[in-house]
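See structure below.
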Amino acid sequence: MYPPDHLWEYLQLSLKGLDVPSVDLFQFHVWEDAWAHDAAWQDAIGEMKERGLIKGVGISVNRWEPWNVLETLNTGLIDAVQVIYNIFDQSPEDELFPACRELDIAVIARVPFDEGTLTGTLTRDSQWAEGDWRNTYFVPENLIPSVERAERLAQIVPEGMTMPELALRFILQNPDVTTVIPGMRNLKHVHSNIATSDAEPLSEELMAQLREHRWDRQPTWWSQ
């Protein structure tokens, strides 16, 4: 649960750090739908809006729990939802996207490359520098099946297209998605992602093939 003091503290830190009079989107992370009707956060964001300190409220849904926000959306207090959505994680289409469509709530698609799996660069022996969180996320029971699924997906990537491009175009093809937030480590990634947004829609045949790569997963000790 989010105590009001905590919300006000971090809003002030954000306003000071950004040097702005208001923030466009005040984002909740690690959300639980059991908090939907708690007056503490509702009253706090209501006052923030009245004072012109925030313009919108968003929720970042926990990994592989797209259902864990539906009750909160029905409060009418949420303007945007940030959720994991990619070729593997298609489950937000089941309930979350229809709800957002009905309530006119923006969708921010995060983890479009499945933490790197959908770049096609991971191998069964992938390791990262000490302290890199991917060492604890891509444990063998996750890394091996992730690589195997990426290898199967690679077989249908059209000629002249990269797997990251395919991953982004799959997401952008969904009209329920408002924007995508891919990680970019260098200028080449930036240029590539921008170019992808101007590409033609994928064919119905290819989209049907991509549907077959859906991978429904459940939160576990390593999923963070």
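What to note about this one:
- A run of the chain free of exposed loop cleavage sites, with chymotrypsin sites (Phe, Trp or Tyr not before Pro) counted only in DSSP states other than H, G, I, E and B and at most 14 other beta carbons within 10 Å, reaches its longest extent at 1-127.
- Close amide H partners of V107, meaning residues 5 or more places away or on another chain with modelled amide H under 5 Å apart, are V81, T178, T179.
- Candidates per GluC sites (Glu not before Pro) in the range 82-143, loop by DSSP, up to 12 other Cβ within 10 Å: E130
- Share of carbon and sulfur in the accessible heavy-atom surface of the range 1-99 [1.4 Å probe, %]: 51 percent
- When the solvent-accessible area of the range 103-224 is split by element, carbon and sulfur atoms take up 50 percent of it, the probe being 1.4 Å.
- Per residue, in Å², the accessible surface of the range 25-92 once ligands and nucleic acids are set aside, probe 1.4 Å: 37 Å²
- Residues with amide H under 5 Å from that of Q27, placed H, sequence gap 5 or more: G58
- For the range 50-145: rounded, prolate or oblate by the Cα gyration tensor [a/c cutoff 1.5]: prolate
- At full extension, A40 and R101 could sit 19.2 nm farther apart than now, given 0.36 nm per residue minus the alpha carbon distance.
- Checking (1) 53, 41, 34; (2) 70, 32, 26; (3) 45, 39, 33 against Cα extents along the principal axes in Å calculated from these atoms, the matching label is (1).
- The range 23-36 - phi-based ³J(HN,Hα) in whole Hz, Karplus 6.51/-1.76/1.60, Gly and Pro as x: 10, 5, 9, 9, 9, 8, 10, 6, 8, 10, 5, 5, 8, 3
- Extension reserve of the T179-E141 stretch, reckoned as 0.36 nm per residue once the Cα distance is removed: 10.6 nm
- Calculated mean residue ellipticity at 222 nm for the chain: -11000 deg cm²/dmol, from DSSP H runs with n ≥ 4 weighted as -39500 (n - 2.57), summed, divided by the residue count and rounded to 500.
- Backbone HN-Hα couplings from phi across the range 99-113 [Karplus 6.51/-1.76/1.60, Hz, Gly and Pro as x]: 5, 5, 5, 5, 9, 6, 10, 5, 10, 9, 7, 10, 6, x, 9
- For the residues R149, R134, R110, a GNM of the chain with alpha-carbon springs under 10 Å puts the largest fluctuation on R134.
- Nearest-10 value in Å² for the accessible area of K55, using the 1.4 Å probe: 140 Å²
- GNM result for the chain, Cα springs below 10 Å: residue of G58, G131, G116 fluctuating most strongly: G131
- Summary value for the chain: 19 percent relative contact order, contacts being C-alpha pairs under 8 angstrom separated by 6+ residues.
- Each of S203 and L25 was given a label point 7 Å from its Cα along the Cα-to-Cβ line. The distance between the two points is 3.4 nm.
- Remark: the range 206-220, residue by residue, has Karplus-estimated 3J(HN,Hα) of 5, 4, 5, 5, 5, 4, 6, 9, 4, 9, 7, 10, 10, x, 9 Hz, where x stands for each Gly or Pro and the curve is 6.51 cos²θ - 1.76 cosθ + 1.60 at θ = phi - 60°.
- Among beta bridges from DSSP that stay inside the range 1-148, the antiparallel ones total about 0%.
- Anisotropy class of the range 1-75 from Cα gyration tensor, a/c 1.5 cut: prolate
- Among P112, P175, P66, the residue with the largest mean-square fluctuation in a Gaussian network model of the chain, with springs joining Cα atoms closer than 10 Å, is P175.
The values are calculated or read from the model by the stated rules, or taken from the named source; none is laboratory data. Because the structure is a prediction, the values reported are computed rather than measured. No Cβ is skipped: glycine too gets one built from the backbone with ideal geometry, and neighbour counts run over all protein chains shown. Note: areas computed on protein heavy atoms with side chains; ligands, DNA, RNA excluded. Shrake-Rupley method; radii C 1.70, N 1.55, O 1.52, S 1.80 Å.
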